[in-house]
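Structure first, then comments.
The values are calculated or read from the model by the stated rules, or taken from the named source; none is laboratory data. From a predicted model like this one, the values you see are computed outputs, not experimental measurements. No Cβ is skipped: glycine too gets one built from the backbone with ideal geometry, and neighbour counts run over all protein chains shown.
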Amino acid sequence: MLLTVADVLATPVVQAGQPEVVCAANLDRPVRWVHVSDQAEIAHVLVGAELILTTGQALAAPESARITYLRSLAAAGVAGLVVELGSYVSELGPVVAATAAELGLPVIALHRVTRFVEITEVVHRVIVADQYAELEFARTVHETFTELSVRRAALTEIVKTAAGMLDASVVLEDLARRVLAATAHNTSSAALLDNWESVSRLLPEGPGVVAVGPHTERWGRLILRSDGVPTPRATMVLERAAQTLTLHRMIDRDRFGLHQQAQTGLIADLIGGRVIDERDAIARAAALGLTRRARYVPLVIEIETVAESDPVAGQRRSAAVVEAVTHGLGRTGASALSAAEHRPAARRAAGRRTGGGRSATELPGTGRRFAGEHSVDERVERGDSAGVAGERVAMILAVPAGTSVDDHLRVVCAAMLTEVRRAEGVRGAAIGVGADADSLLDTASQLAHAADVAAVARSMTGAFSRLFFRSADIRLRGLLSSIRDEPAVQSFAETELGALLRYDIRHDTDLTGTLRSFLDLAGNKTELAKSLTISRPTLYDRLARIERILAVDLDDGESRTSLHAALLVRDLTAGSDEL
């Protein structure tokens, strides 16, 4: 910060000259430089904001010349005039005081002889140090935001960095006044974002509000919320942050929209524990359009799509799916936050049922891993080795007060599934729902469970004919899914099926598939023979071999239950069937 005239006046070297303030107007003017001169015609060599030190030779002239001298200094934009009395004038007189007051020109008289060189040394030392500090700050700003650009930092990180540099709250909003990212300093997020749309619309244009986006395609504003007047440093940081945000948008413009990215970022913060205050969570969600004073429902949509060998086509497919989900929400007027994730294709072996590998995949866009989440397709690929990809959309749905949660879910899920199934390349979709709550934080913590339910539901027969699933709807498969990684459960499945699996490998048969179909049809041998297109004697022979190999009676209900459970465990844990 530059010294002001008042700052210079307060220095010991000036105070030693017994200063008298002849005109106290505008003592807060910044001093860019100190200039020593006794010439009357000095204005033409000045550029503004200089503090003039003089022994008063020009003020010893007639009254009209003194007035002309003062007017020329004011016109040149000097910061102030310091006059040492004694050499040419013993006092400045009322004419100088009146003219200076009229011009708003600070004038100070020194009653003792003062070495001007000492004043210039003190002031210039501070000025040079300040200029160096500004250069260092500018370099830091440039390097920081360049690094953020290079590694394609998220909107939230860019805004957080700007707020940290300024130690003030910073908000990024779109043209609809929706908050895309915000960092609160010296206040809470709830207080910062309370009634944000109205606050934003009343903000005056100025250095604390910077447009974001190319000049002809503005898409947002970066706003400094501070009690003080924005400084040149603040303007520099905001403008550099705006440039970084613009570059971020240009790079990601073919990906999901900014509003979608902001929702994904909020869900990531909720899941990751970076938002721990319910009021802050509600404020940030409301700023993104989520209804307040509602019940919140966690749900996850598992969407199966045909794999694309072209990454660009796959990206477009992802965007189309997200757009379909958004359109479904819009049709019902539903309020929700959502986060989407593309899951790459996994090739399936022809004619083999694969299980959902228990790999911990990430919650869309967050880097946060779901405990117990499935990462691969769990449906039967019958005679088809085509690649299968998928999309996963995690969502927090707001149910208006006084509305039945189930009724609202049925309407919203029906609309979303209708739109998603219309999207090109979509094979099917299943929705898992967790426990609803009044707390947004509690709801976010249930997204992992909703993801587990959705993933298990996809492996169930007729899964794509239902609107949504809860824990109770996935029954035995859901129970086994929650304990499938337990060594005792895996040992049970191996004990039940190991002999038959080894037989199939050694003899190149598929008796395990026959057993699976037999159990799926509840032991109906007539229907089984038809589905396998084999004769009944051939079927009986296969079933007899299965009984001998496993040493079980397939007419026994408990044996069937045990074998069926073992096959489900294998489905849920097998990853070795992927090619």
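Taken over region 324-342, the criterion of being within 11 Å of E391 (Cβ to Cβ) and surrounded by fewer than 22 Cβ atoms within 10 Å (Cβ to Cβ) is satisfied by E341, H342. Residue check: G48 meets all listed conditions (1) surrounded by 15 or more Cβ atoms within 10 Å (Cβ to Cβ); (2) within 50 Å of the chain's Cα centre (by Cα) but one, namely (1). The helices (runs of 4 or more DSSP H) falling completely within region 207-293 include none with 3 or more residues that are among the β-branched types (V, I, T) and in contact with a strand residue (DSSP E or B) (Cβ under 8 Å, 6 or more places away or on another chain).
A444 - would you say it is modelled with pLDDT of 90 or more, part of a helix (DSSP H, G or I) and in contact with a Lys or Arg (Cβ under 6 Å, 6 or more places away or on another chain)?
Values: modelled with pLDDT of 90 or more: yes; part of a helix (DSSP H, G or I): yes; in contact with a Lys or Arg (Cβ under 6 Å, 6 or more places away or on another chain): no.
So A444 fails the test.
Taking the listed residues A450, A423, A444, the one that is under 30 Å from I276 (Cβ atoms) and either touching a helix residue (DSSP H, G or I) at 6+ places or on another chain (Cβ under 8 Å) or among the aromatic types (F, W, Y) (or both) is A444, with no other qualifying.
Condition check: out of contact with any His (no Cβ under 9 Å at 6 or more places or on another chain) and within 19 Å of G86 (Cβ to Cβ). Does Q18 satisfy that? In short, no.
Return yes or no: is E118 in the same structural domain as T68 (by TED's automatic domain parsing), acidic (D, E) and assigned to a helix (DSSP H, G or I)? Judged against the criteria, E118 is a match. Restricting T291, T305, T326 to residues that are more than 23 Å from the chain's Cα centre (by Cα) and hydroxyl-bearing (S, T, Y) narrows the list to T305. May I ask you to verify whether V78 is under 60 Å from the mean Cα position of the chain (by Cα), surrounded by 17 or more Cβ atoms within 10 Å (Cβ to Cβ), part of a loop (DSSP other than H, G, I, E, B) and of a type in the set (V, I, T)? For V78, the condition - under 60 Å from the mean Cα position of the chain (by Cα), surrounded by 17 or more Cβ atoms within 10 Å (Cβ to Cβ), part of a loop (DSSP other than H, G, I, E, B) and of a type in the set (V, I, T) - is met.
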